[in-house]
Amino acid sequence: TWDVKTTTYNTSGVKTGYVVDYDAGEARSQMSFAYTGGILTNRTITNSDGSASEASYNTSGEMQHVRNTASDGTMFVLGGTGDNTLTGGSNDDLFEGGTGNDIFEFSGTVGNDTILDFTDGQDRLDLSAYGYTTLADLQNASAISEVDGNTVIDLGADGSVTLNGLALSDFDSSDLFGLPS
């Protein structure tokens, strides 16, 4: 059995989503109607051990992203076939963007995250929350290095981002989102 717990509306009175609880809150599903490409469906399941899984699909049934969270808070974030914006949590997360031109967005405390499939010239990092919009910004702050063939960006107390398999010599300002105009 299930029942609708919450219905949300925007300022114009248009329904933007609802939350459905199943079996005493062991699973949760949310449908959102605020998507420029049509209806976007979000599904989140929280297991009794604290682990969770989230997925988003557009009206064509194309997966937009999947986010699995282990009981220790570590996330595995998987992008779909399109152009995705992927975010993680405050623990050591793993990202795989899949195909498309993906943006990996980081802000606040992120842990020591790893992007498994960063594609130079296609995918981009959004580090603008830390004031990094160019390669020079990272170099001036001594925040970028290469470790064992991987580009590593040091965010200080907020964590780090490792671009697995991407040499530092292949990383440039075009790989960053938020370039000044």
In units of 2.2 N^0.38 Å, the Cα radius of gyration of the stretch 74-181 is 0.95
Residues other than Ser173 with Cβ under 11 Å of its Cβ, Lys/Arg counted +1 and Asp/Glu -1, net out at -2
Long-range amide H partners of Asp126, meaning residues 5 or more apart or on another chain whose placed amide H is closer than 5 Å, are Phe104, Glu105, Phe106, Phe177
Under a plain spin-label model, where a point goes 7 Å from the Cα along Cα-to-Cβ, how far apart in nm are Ala129 and Ser169? 3.3 nm
Can you say what percent of the DSSP beta bridges in the stretch 74-181, counting only those with both residues inside, are antiparallel? Round to 5. 35 percent
HN-Hα J couplings of the stretch 127-136 from phi, Karplus 6.51/-1.76/1.60, θ = phi - 60°, integer Hz, Gly and Pro as x? 10, 4, 5, 9, x, 9, 10, 9, 4, 4
Provide, in order from the shortest bin, the percent of all Cα-Cα pairs of the stretch 93-155 in each 10 Å bin, continuing until the bin that contains the maximum pair distance. 19, 56, 24, 0
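Readers should treat all values here as calculations from the given coordinates under stated rules, not as data from a laboratory. Keep in mind it's a predicted model, so treat the numbers as computed, not measured. So basically every Cβ, Gly included, is an ideal-geometry build from the backbone, and we count neighbours across all protein chains shown.
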